[in-house]
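Just below is one structure, and these are the notes that go with it.
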Amino acid sequence: MRQVDENTEKGIKGFWHRHKETIIMVVFRWWLAAAVYFFVGWGTELALYTSIVDMIFILGIVMGIVQIVIFNPVVYGMFNVKRRGKIVNKKYYNRTVWEGVLVKVAEIFKCMFVMLLVFLTYQGINSLYIMIYHVSDTFVALPGEPVMFGLFFLLFYSVLGGIYDKILDVIENDSTKTGKEG
């Protein structure tokens with residue numbers, strides 16, 4: 001019985017040691033997304049008096065700026081960030097001015113697109129609830145709140161990052177194959 005407990009304990013400790021930096025980065029990104037929603041979505045009159053398009057637009061811009069100004073410098077300064085199996089910290093710090101500008105603009109547009117996906121998720125869940133339970137069209141089953149918002153943001157941001165990495169892998173593998181044939 002004690003052997004099983006030691007193996008389980010080693011497994012948990014081993015998992016933590018292998019993935020500690022990734023877990024911290026994920027929790028930090030979630031926390032920042034939740035904080036942005038808390039301060040912008042709940043802390044301003046934006047959610048009460050403007051259209052949902054304005055809300056998505058402003059949240060996307062603010063989240064993109066937070067990623068650029070807070071998340072990326074902190075994470076790239078503290079951890080060895082791995083992407084596609086390679087550490088990319090050196091690449092982050094050795095960008096040309098134009099590469100840096102393009103990456104930052106792309107980050108803002110990515111965050112705006114993620115905000116749209118998060119909004120559509122909330123709309124879909126609430127519409128599905130209304131359809132299934134036949135309640136009033138004004139009923140909100142899942143209102144916007146920071147914890148779930150942060151989880152939805154993290155989910156879609158990670159999925160888009162994974163899709164981008166897969167596309168880069170395909171392009172890289174395709175260029176390697178054509179280089180060997182030619």
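Read-outs: derived from the displayed coordinates by stated rules, not from any lab. Just so we're clear, the structure is a prediction, and the values are computed from it rather than from any experiment. A quick note on method: Cβ atoms are made from the backbone with ideal geometry, for glycine too, and the neighbour counts reach across all protein chains shown.
Counting lysine pairs in the chain that sit 8 or more residues apart in sequence, or on different chains, and whose Cα atoms lie under 17 Å apart gives 11. I need the shape label for the stretch 1-130. Rule: rounded when a/c is under 1.5, else prolate if a/b > b/c, else oblate, with a, b, c from the alpha carbon gyration tensor. Judged from the Cα gyration tensor, the stretch 1-130 comes out oblate (a/c at least 1.5, b/c at or above a/b). Taking all Cα pairs closer than 8 Å and separated by 6 or more residues, the relative contact order of the chain comes to 29 percent.
Span-like helix criteria (full DSSP H runs; alpha carbon extent of at least 18 Å along the helix axis; mean Kyte-Doolittle hydropathy of at least 0.5) are satisfied in the chain by 52-66, 97-133. Our helix-only sum for the chain, with -39,500 (n - 2.57) per DSSP H run of n ≥ 4 divided by its residues, gives a mean residue ellipticity at 222 nm of -26500 deg cm²/dmol. In terms of packing, defined here as the mean over residues of other Cβ atoms within 10 angstrom, the peptides 101-108, 150-157 line up highest first as 150-157, 101-108. The charge dipole of the chain, taken about its Cα centre with unit charges on the Cβ atoms of Lys, Arg (+1), Asp and Glu (-1) only, comes to about 900 debye.
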